[in-house]
2 protein chains.
Amino acid sequence: MGVKERKERDRQEMREIILKSAYKLFLERGFDDVSIRNVAEAIEYSPATIYLYFKDKNEIIHALHRQAFEMLNKQFQPLAKIADPFARLSEMGKAYIKFAIKNAEMYKLLFIRSEPMEHLANCQETEWKEGDMAFDALAQTVAQCQQKGYFKNFDTHQFSMMTWSFTHGLCALRLSGHLGRVKEERESNRKLDQIMNETLSTFIQTLQKLKK
Amino acid sequence: MGVKERKERDRQEMREIILKSAYKLFLERGFDDVSIRNVAEAIEYSPATIYLYFKDKNEIIHALHRQAFEMLNKQFQPLAKIADPFARLSEMGKAYIKFAIKNAEMYKLLFIRSEPMEHLANCQETEWKEGDMAFDALAQTVAQCQQKGYFKNFDTHQFSMMTWSFTHGLCALRLSGHLGRVKEERESNRKLDQIMNETLSTFIQTLQKLKK
DNA sequence: GCATTTTTATAAACACTGTTTAGTATTTTA
DNA sequence: TAAAATACTAAACAGTGTTTATAAAAATGC
């Protein structure tokens, strides 16, 4: 009588196959240039079959969104062992930027696209575990910095929001192509990666001076 | 023999009509939900006619992109009369955020969408007057702050990049719907506008402490 | 003024998109 | 083995950006 269980396993397996294929195609061609038909062709099923396993394209997006968040959180895990919280904060910034550059399409999915957030809102999900986990890692580090005397008289949450806004802004400008269009960067022959590192350094320097 | 001149005027007029209609529809429905056919219907011409005046949809986007930049630069103009450069910098941040919230679709066009930048690259345009103007307004203010003793030992350009990254990041997170999904913000009943202002304040405070 | 060339506009088509429906195989259950 | 449930798909629907062939209108040359 394990039929139902096996069917459920098969179902999840098929979902995984679809997601894996979609993920691969998204990385290759970018998000907007992959259609349901492309995914169907890749897994050698008809387009309609996809809709037996996912409500619509947004549900696929959202599933990948969760996976991408797990990837990002994994990038942060090794940094937990850095004892000095300020050094850790700095390395988190670097890791964040590195992730955004290396996984551009995934980063867009995580933080730039509106669809995943809209899907979340449509599902009436009030929680958002993956997102909270990533932000908490930042907020905790900020809190520990404050315990060590940095950023005194700042609200921990507000301060964390600020650092996230900065780092995201830098990544977003890079991925949208705006960074390379700034006059100074156009005319210099510095690589975009270098520009980003320098801008991050400027921010870290700024924070460093806040140690009372 | 002024026929050619009149025809050129008519041509520009038609381009304006198309742009005006497209702009209106974009504001109403958002960018992705307006098709060439919608624009054509609004101006009571066939879709193919649009292609006699614009190479493709991207050229329309780019034309609106330029107009949006002029709008943004106009928002900054009144701030030029603020004598204290630090106060001006602060007000520029506020004006920037206000613009992003009030003209969400235009902001997306300006700084989030990749298409306008891609179009710029495809045209082999090396210059970017509108963009430079906006950034220069920021860089000049930063430079004047430095003359007054703020942000000493920082590179003007790097520092300007940092402030832009922060402000853009904040706006981008808001417009993509991520801001309202942060745990603390979910659970508080503060308005998103208020959150943004508080985060900006935190940033301004941070900068203020950099006055040697 | 009339024929010829140039310009302007469009209907229809092309190759796509996400998604739904109706119908056919296959598998499970009774 | 017959009935019910499940898995799958071909075809269609309504839309997208864009191109092409064709018809109407306007400007030009004689």
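Can you say whether B:D32 is within 14 Å of another protein chain (Cβ to nearest Cβ) and farther than 23 Å from B:T141 by Cα, as far as the supplied structure shows? In short, yes. Among the residues making up the stretch A:106-118, those that are assigned to a helix (DSSP H, G or I) and either surrounded by fewer than 19 Cβ atoms within 10 Å (Cβ to Cβ) or without any contact (Cβ under 8 Å) to a residue 40 or more places away in the chain (or both) are A:E115, A:M117, A:E118. If you filter the stretch B:132-145 down to residues that are free of Cβ contacts under 8 Å to residues at least 12 places away in the same chain and facing chain A (nearest Cβ under 9 Å), you find that the one that is nearest to B:Q77 (Cα to Cα) is B:D136.
Set side by side, the residues B:Q67, B:Q12 differ, and just one is more than 8 Å from DNA strand D (Cβ to nearest atom), in a helix (DSSP H, G or I), under 30 Å from B:R88 (Cα atoms) and open to solvent by 30 Å² or more (accessible area, probe 1.4 Å), which is B:Q67. Whenever a residue of the stretch A:172-197 is open to solvent by less than 10 Å² (accessible area, probe 1.4 Å), its partners that are among the acidic types (D, E) and not in a loop (DSSP other than H, G, I, E, B), lying with C-beta atoms within less than 7 angstrom and at least six residues away or across chains, give the pairs A:L179/A:E185; A:I195/A:E185. Looking across the stretch A:165-208 at every residue that is at the interface with another protein chain (Cβ under 7 Å from one of its Cβ atoms) and of a type in the set (A, V, I, L, M, F, W, C), the one that is farthest from A:Q140 (Cα to Cα) is identified as A:V182.
As a summary of the residue check, A:K94 satisfies the conditions (1) in a helix (DSSP H, G or I); (2) over 17 Å from the mean Cα position of the chain (by Cα); (3) among the charged types (D, E, K, R) except for the one numbered (2). When B:K148, B:K102, B:K129, B:K98 are checked against the criterion of being within 14 Å of chain A (Cβ to nearest Cβ) and either open to solvent by 40 Å² or more (accessible area, probe 1.4 Å) or more than 17 Å from B:L170 (Cβ to Cβ) (or both), B:K129 stands alone in meeting it.
The values are calculated or read from the model by the stated rules, or taken from the named source; none is laboratory data. Quick caveat, the model's predicted, so the values are computed rather than measured. When we count neighbours, we look across all protein chains shown, and the Cβ atoms used for this are built from the backbone with ideal geometry, even at glycine. Only protein heavy atoms, including side chains, enter the accessible area calculation; ligands, DNA and RNA are left aside. Shrake-Rupley method; radii C 1.70, N 1.55, O 1.52, S 1.80 Å.
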